[in-house]
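Let me begin by presenting the structure, written as structure tokens, before commenting on it.
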Amino acid sequence: LVLQIPVIGYVMGEKGLISRLLCPKFGGYFTYGILEANKQSAPWEPTLRDLLDLYNIRWVGPDTQVFGVIGNPIGHSKGPIVYNTTFKHVGYNGIYVHLLVDDLAVFLNTFAAPDFPAF
């Protein structure tokens, strides 16, 4: 007898932001954002406005292509603002995210997939 118990998991902090942003791409049925930027219960929690307007979360799904900028530190990059705005404007099914990377070889091995075409 195998019991299957649904679990919802989110990683916290800067590295965990993509777990919220890519949740709909990988079959998650919900993600969440905070209402006010200064009301975070943990660092790097996205606001609802960022999820909807910056990351276009309503359109993220299984066919969404993931692009990003990698580095350490990386949170200062304006890439998500530039590229996600452009993707939305031209109707491209893509999302651009910050990817905090400590070990490039491990990262490239983990994220080497057609769904992640460019970093």
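Throughout, read-outs are computed from the coordinates displayed, never taken from laboratory work. Just so we're clear, the structure is a prediction, and the values are computed from it rather than from any experiment. Note that we place each Cβ from the backbone using ideal geometry, even for glycine, and neighbour counts take in every protein chain shown.
Structure summary
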read-out	value
Tail beyond 19 Å, pair distance distribution of the chain (Cα, percent)	48 percent
Selection from 41, 72, 60, by position along the positive dipole direction of region 17-110 (Cβ)	60
Test item: Cα-centred dipole of region 17-110, Lys/Arg +1 and Asp/Glu -1 on Cβ, debye	240 debye
